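Please read the structure below before turning to the comments.
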Amino acid sequence: MFDPELSLATQIIERALERLKIPIPDRIEWMPTPFKGQWGFGTNACFQAAAAEARAGKEVNVQARAHEIAEAILDEISPVENFARIEAERGYLNLYIDPAVYTRRVVNTVLEQGENFGRGAPNGERMMVEYAQPNTHHSFHIGHARNTVLGESLSRLVEFAGFETIRASYPGDIGLGVITCMWAYQKFYREQEPEGIHQRGQWLANIYSEATALLTPKESETEEEKAQREAYEAERREMYQMWDAGDSQVRDLWRMTRQWSLNELDEILKILGVKIDVFFFESEVDEPAKAIVDELINLGIAEDERPEGPVIVKIDEKLGLSKEKYRTSVILRSDGTTLYSTKDLALAKRKFEKYNVDRSVYVVDVRQSLHFQQVFKILELWGFPQASKCYHLAYGFVTLPEGTMSARRGNIILFMDVYAEAQKRVLDIIAKKNPDLPEEQRKEVARQVGLGALIYSLLSVDNNKDIVFDWDSALSFDGKTAPYIQNAHVRANSILRKAGSLPSEASFEYELMPMEVQLIELISRFPAIVQQAAMDYKPLHMANYAHQLAKTFHGFYHTVRVLQAESKQMKDARLRITAAARQALANTLRLLGIEAPRVM
RNA sequence: GCCCCUGUAGCUCAAUGGACAGAGCACCGGACUUCUAAUCCGGUGGUUACAGGUUCGAAUCCUGUCGGGGGCGCCA
């Protein structure tokens with residue numbers, strides 16, 4: 001936001017170094033100075049210059065020399081426009097900006113740009129983000145929610161940062177699990193499905209768990225039980241073969257039950273504010289995937305060991321690696337049926353060729369790291385330049401205190417259950433803390449705040465860490481949580497509502513309080529945080545920023561009087577600061593996929 | 001055996017190679033006749049697992065050791 005001033009300052013410093021005959025660093029970088037009630041930018045250029053001298057053979061203590069250089073530059077240069085003062089501090093050269101100037105600029109920029117404040121210029125690259133991909137015929141649990149929330153926030157971030165963004169989902173709609181579910185439905189539950197999208201979806205998932213139990217050998221199995229199980233197993237296998245052969249009855253059953261799951265998924269995505277642009281179905285890429293295997297064999301990338309073995313790619317060997325790293329990837333079963341890897345290759349080809357993506361991000365859990373490394377390397381061997389811009393955004397599992405979630409053991413935490421509980425808890429708090437809130441608004445606020453708390457609890461942990469699910473911490477409303485951030489937005493909104501109208505201009509030529517300066521400083525950092533979070537593929541950066549911004553606003557709220565400011569000038573100025581803070585908070589929350597309520 | 005991730009306050013976690021390693025929870029003590037107390041202020045709490053190395057500067061990068069998690073040719 002102060003790029004013109006900083007590039008001017010960079011030139012001035014470079015000229016001063018030249019006059020002083022001190023080596024000039026390749027690049028002079030600026031970063032915000034540690035906040036001490038004043039706002040500025042600092043550079044470490046003097047350290048680099050001093051280090052360069054030391055490397056050139058001059059005998060110097062770099063620390064001391066850096067400070068010396070900083071002070072020498074200080075004497076050399078004349079005051080820079082818009083900077084209040086320049087200081088040398090412990091080897092750093094710091095420029096402090098005139099508070100009235102920067103406050104005015106930040107506030108005006110935010111209020112002019114509104115919901116576009118922080119948006120990066122289009123960078124000409126197209127990115128596809130693949131997420132929100134549970135299997136059909138399964139339950140959508142809290143782990144799926146982590147995937148979806150992470151992918152959605154990332155999509156919003158990269159889109160806002162300047163990428164043309166395509167949201168893609170790749171549900172697994174066929175496989176042994178799906179057939180298992182269909183088999184049990186057909187055999188035991190035909191036409192017994194309940195009404196209601198979520199009830200029906202969940203009911204189907206329960207059938208799957210039950211069926212899996214029936215088909216899994218027990219520890220001590222009687223002869224009778226064994227015979228029964230083997231008979232079931234045969235039926236299941238037959239059904240899979242019929243599906244594969246395109247049997248119309250089995251296909252109809254498959255389409256019907258699959259749709260039940262997809263309807264539920266659709267509802268859940270709506271709740272989470274997700275709009276997927278492209279759905280790829282596993283069942284669709286099956287055929288094209290087989291063709292790709294032939295191509296890879298013809299190109300000499302894959303080796304066909306059929307009928308004794310499968311089709312494989314010896315990746316390490318192809319790359320000339322002596323140590324095993326990417327190992328060997330199996331890309332087709334010996335019986336000619338496709339694998340996950342086969343389909344992912346086909347899918348990547350389609351992304352590159354049909355959708356022309358420059359980058360492709362896969363939001364998939366960490367256990368598939370090797371799989372994706374293999375896929376990306378095969379794409380590279382295959383000659384796709386985009387392969388180097390494929391990125392697996394791996395995230396850790398959501399586990400329970402007692403261990404992994406397992407549908408079969410029945411210990412899973414369903415997203416819909418957490419969502420319902422979250423809203424219930426919010427309603428309880430509203431009854432206590434804000435009993436005047438009209439009845440008709442309570443449900444809406446409960447939805448916004450309850451969902452926000454849940455989403456934030458999933459986004460405020462680094463993606464490569466596992467999360468141990470706990471009701472109370474997932475649905476906490478105090479401390480570093482979404483409601484804390486949302487409450488800052490509500491408070492800002494409350495002040496502005498009481499003020500009536502927002503002054504169209506304000507002067508900041510008064511003694512700004514430290515909390516005001518700090519708030520402005522943080523708001524001004526937002527655009528840079530957007531870029532950083534997008535480039536690192538890390539919504540966590542935005543989650544952390546959101547909390548810091550809210551914390552600073554709460555501090556501002558307590559120490560700075562807005563409506564009862566000492567003068568009209570200060571009141572107008574602070575109203576505009578408050579409005580800018582509200583906008584920054586709203587934009588921040590939006591990028592996390594969290595709504596910003598006006599009351600709560 | 002090999003590969004990936006990881007080790008930071010009592011607990012859960014932050015920290016573009018930069019200034020004094022920060023939050024939340026928990027605990028103790030304060031602040032509501034004053035813009036929503038879902039808030040704020042203060043206090044307690046650290047040899048960043050360990051040993052070397054690179055660097056002007058390392059929690060961060062490199063090597064090794066130890067501990068935790070995940071993965072490794074016909075599951076997804």
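Taking the C-alpha atoms only, the angle from helix A:45-55 to the longest principal axis of chain A is near 80 degrees. I'd like the FRET efficiency for A:Lys498 and A:His198, computed as 1/(1 + (r/R0)^6) with the beta carbon distance as r and R0 of 56 Å, rounded to 0.05. Taking R0 as 56 Å, the efficiency between A:Lys498 and A:His198 is 0.85. Applying the criteria of a DSSP loop state and at most 14 other Cβ atoms within 10 Å to the chymotrypsin sites (Phe, Trp or Tyr not before Pro) of the range A:144-230 yields no site. Close amide-amide hydrogen proximity is noted between A:Thr33 and A:Gly40, A:Phe41, A:Gly42, each under 5 Å apart and 5 or more residues distant or on a separate chain (H modeled in the peptide plane; Pro and chain starts excluded). The phi-based Karplus calculation (6.51 cos²θ - 1.76 cosθ + 1.60; θ = phi - 60°) puts the 3J(HN,Hα) values of the range A:102-114 at 6, 4, 4, 5, 4, 4, 5, 4, 4, 6, 6, 7, x Hz, whole numbers, x for Gly and Pro. Counting 0.36 nm for each residue step from A:Thr328 to A:Asp3 and taking away their Cα separation leaves a gain of 112.0 nm. For chain A, the longest principal axis of the Cα atoms and the long axis of helix A:3-20 meet at an angle of about 60 degrees. Taking a straight line from the alpha carbon of A:Lys275, these aspartates and glutamates sit under 17 Å away, with near neighbours fewer than eight places off in the same chain left out: A:Glu130, A:Glu152, A:Glu159, A:Glu164, A:Glu264, A:Asp266, A:Glu267, A:Glu595. Phi angles across the range A:590-596 convert, under the Karplus curve 6.51 cos²θ - 1.76 cosθ + 1.60 with θ = phi - 60°, into 3J(HN,Hα) values of 4, 5, 8, x, 10, 7, 10 Hz, Gly and Pro given as x.
Distances between placed amide hydrogens fall under 5 Å for A:Leu400 paired with A:Met405, A:Phe469, all partners being 5 or more residues away or on another chain. The modelled label-to-label distance between A:Asp470 and A:Asn411, using points 7 Å beyond Cα along the C-beta direction, is 1.6 nm. Put simply, the amide H of A:Tyr391, placed in the peptide plane, has neighbours under 5 Å in A:Ser360, A:Val361, A:Tyr362, leaving out anything fewer than 5 places away on its chain. Rounded to the nearest 10 degrees, the inclination of helix A:282-298 to the longest alpha-carbon principal axis of chain A is 90 degrees.
Here the peptides A:165-177, A:491-503, A:139-151, A:514-526 are ranked by packing, the mean other Cβ count within 10 Å, and the order with the highest first is A:139-151, A:514-526, A:165-177, A:491-503.
Within straight-line reach of A:Lys432, meaning a Cα separation under 29 Å, sit the following lysines at least 8 residues removed in sequence or on another chain: A:Lys424, A:Lys443, A:Lys480, A:Lys498, A:Lys551.
Could you order the peptides A:441-454, A:108-121 from most to least packed, using the average number of other C-beta atoms within 10 Å per residue?
On the way: A:441-454: 21.1, A:108-121: 14.8.
Packing order, densest peptide first, comes out as A:441-454, A:108-121.
Maximal additional length on extending the A:His554-A:Phe35 stretch stands at 185.1 nm, based on 0.36 nm per residue less the C-alpha distance. Ignoring lysines fewer than eight residues from A:Lys314 along the same chain, the ones with Cα atoms less than 16 angstrom from its Cα are A:Lys323, A:Lys325, A:Lys377. Measuring between their Cα centroids, the range A:490-516 and the range A:288-357 lie 61 Å from each other. Segment A:Glu402..A:Glu444, full-extension length gain: 11.7 nm, with 0.36 nm per residue of separation and the alpha-carbon distance subtracted.
From its DSSP helices (H runs of at least four residues, each -39,500 (n - 2.57)), chain A gives a residue-normalised ellipticity at 222 nm of -18500 deg cm²/dmol. Relative protection proxy for A:73-80, A:536-543, from highest mean packing down: A:536-543, A:73-80 (other beta-carbon atoms within 10 angstrom).
Computed from the coordinates by the stated procedures, all read-outs in this text should not be read as laboratory data. Predicted model, so just to flag it, every value in this text is computed and none were measured. Please note: Cβ atoms are built from the backbone with ideal geometry, for glycine as well, and neighbour counts cover all protein chains shown.
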